[in-house]
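The values are calculated or read from the model by the stated rules, or taken from the named source; none is laboratory data. Because the structure is predicted, anything quoted here is derived from the model rather than measured. FYI the Cβ positions are ideal-geometry reconstructions off the backbone, even for glycines, and counts take in every protein chain you see. We work out accessible area using only protein heavy atoms, side chains counted, and drop any ligands, DNA or RNA first. Shrake-Rupley method; radii C 1.70, N 1.55, O 1.52, S 1.80 Å.
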Amino acid sequence: PFNVAHLGPSAYGLWALTASITWFFGVLDLGYGGAVVKFIAQYRALRDRSALNEVLSTVGVVFTALGTVCLGVTLLLAWRVESLFNIAPEQTETAQRVLLIIGTYLAIRFPLSIFGAVVYGFQRYYLNNVVSIGTSIAVAAVNVGVLRAGHGLVALVAATTAVRLLSLALFAWNAYRVFPGISIRRSLYRKARLREVTGFSIYMLILDWSAKLNYSSDTLVIGAMLDTTAVAIWTVGQRLSQMTQQLTSQLHGALFPAVVDSDAAQRQDRLQLILVQGTKVSLAFAAPLCLGLIVLAERLIRSWVGPQFSASVLPTRLLLLVVLVRICIASANLILRGAGQHKLLAYTSAITAVVNVLLSVALIRAWGLVGVALGTLIPVSASALVIYPTACRRVGLAAWQPIVQGIWPAMWPAAIMAGLLWLGGSLPPGGLLGVAIHAAAGGVVYLALFLGLAIGAEERRSLFGRDRRAARPV
């Protein structure tokens with residue numbers, strides 16, 4: 001609401017549109033971003049420092065070239081932006097400048113991203129997370145300061161991008177902390193390493209492209225077929241769903257090495273545990289948050305950004321349902337990715353993404369933003385009917401077992417909580433404070449039902465026992 005109030009819906013929508021265009025540049029890494037983490041972890045386990053530095057140097061050369069391509073594509077888009085999207089003539093110069101700033105940043109970030117991969121490959125996630133949190137806080141502070149000083153969109157994007165550029169140095173510093181022997185040089189480029197990494201990265205590329213099409217293309221469809229004001233309205237629901245997805249999907253990044261290890265050791269019992277318990281724990285976070293926001297969406301949006309954004313309520317609810325479906329199959333997705341069936345996962349995701357775009361284009365004409373949201377929800381839900389049973393077969397479970405043992409215990413308390421929130425939705429107080437109070441009350445109800453009835457005493461002891469052990473210093 002602060003940015004909308006200072007920039008106006010049209011300028012804010014232009015910002016969202018240009019950012020979504022450059023977001024697609026992330027797929028220019030050709031899947032190497034995800035693959036390099038795997039090989040860093042692999043050669044770290046083998047204590048092969050030479051191979052580690054050869055992989056890093058080889059991918060560094062590739063990323064430098066890709067950064068150059070990224071800059072070239074940015075220049076081309078900026079040159080023809082007014083003919084690609086439905087923007088007002090007076091917005092053309094602003095759009096060009098914003099594109100150039102963000103595109104230049106991404107071109108620089110490409111080769112420097114290998115430092116972040118080192119930290120992840122060494123499983124020191126918290127170091128990068130601390131930098132990311134600090135950067136987000138600094139960006140928010142700069143955002144407020146620039147707009148309060150009376151500057152416009154171009155100055156805002158330039159200032160916040162400068163903060164993000166400075167953060168790249170901290171990621172590099174973290175890499176040298178976890179791997180003091182790091183040596184990235186052009187002379188260490190190896191064709192054999194490139195072939196090795198490429199054999200895995202091509203499927204990561206398909207997954208990356210599919211994710212971008214599934215969850216980032218809608219803004220481009222709206223910008224091309226409607227206008228920037230519609231983009232601003234859509235962005236409200238998109239931001240809420242993205243926040244919910246990020247808050248509830250963190251477990252799976254940490255579980256990925258466990259899936260790989262269990263598959264290598266042929267431990268079906270551990271894979272079964274990951275599928276069932278991973279689904280249950282993830283949904284324990286996602287179900288109350290998604291269903292609570294669905295019930296409170298109208299009050300939240302009116303209090304947060306004002307009644308002029310009421311048209312975003314129904315699309316927001318549909319996008320939150322998309323998040324809930326994604327979390328339901330997230331552990332199944334992880335099993336396929338890490339236990340040798342990443343090809344099937346890649347092909348399924350690609351088909352889902354194509355159907356998503358085609359449906360969004362078809363439905364936007366009749367139903368507007370609601371049609372775009374349905375264009376995402378329908379194919380994502382259909383893909384779950386492929387991914388989930390395949391993962392169950394992979395770990396040797398009947399399809400009903402993870403539903404009964406993983407999904408049901410997390411969902412029924414959330415359904416009761418949502419019903420109580422709906423019944424009490426008209427109670428005072430109003431505004432954001434009222435939404436927060438109702439949401440907090442719903443969270444207390446959910447915790448009481450989930451911890452008290454949905455899971456047993458042994459599982460509670462196990463859960464909190466793990467939490468206490470994880471908190472002890474190593």
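Here are the numbers for this structure:
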{"item": "Unmet criterion (only one of (1) open to solvent by 60 Å² or more (accessible area, probe 1.4 Å); (2) at pLDDT below 85; (3) not hydroxyl-bearing (S, T, Y)) for L273", "result": "(2)"}
{"item": "Residue count for the range 26-80, restricted to those that are open to solvent by 30 Å² or more (accessible area, probe 1.4 Å), under 18 Å from A117 (Cβ atoms) and not in a helix (DSSP H, G or I)", "result": "3"}
{"item": "Which numbered condition P180 fails, given (1) without any contact (Cβ under 8 Å) to a residue 40 or more places away in the chain; (2) over 17 Å from R49 (Cβ atoms); (3) not β-branched (V, I, T)", "result": "(2)"}
{"item": "Options V355, V386, V404: the member that is free of Cβ contacts under 8 Å to residues at least 60 places away in the same chain, among the β-branched types (V, I, T), out of contact with any Phe, Trp or Tyr (no Cβ under 7 Å at 6 or more places or on another chain) and closer than 18 Å to K280 by Cβ", "result": "V404"}
{"item": "Residue identified as assigned to a helix (DSSP H, G or I), among the hydrophobic types (A, V, I, L, M, F, W, C), within 19 Å of the chain's Cα centre (by Cα) and closer than 21 Å to P1 by Cβ among L314, L319", "result": "L319"}
{"item": "Residue pairs meeting the criteria (Cβ under 8 Å; at least 6 apart or on separate chains; first within 19 Å of L291 (Cα to Cα) and open to solvent by 40 Å² or more (accessible area, probe 1.4 Å), in the range 442-459; second assigned to a helix (DSSP H, G or I) and of a type in the set (D, E, K, R))", "result": "L451/R460"}
{"item": "Qualifying residues in the range 367-425 (those that are of a type in the set (S, T, N, Q) and open to solvent by 20 Å² or more (accessible area, probe 1.4 Å)) - the one farthest from the chain's Cα centre (by Cα)", "result": "Q401"}
{"item": "Selection from the range 281-309 of residues that are within 19 Å of F2 (Cβ to Cβ), assigned to a helix (DSSP H, G or I) and open to solvent by less than 40 Å² (accessible area, probe 1.4 Å)", "result": "L300, I301, F309"}
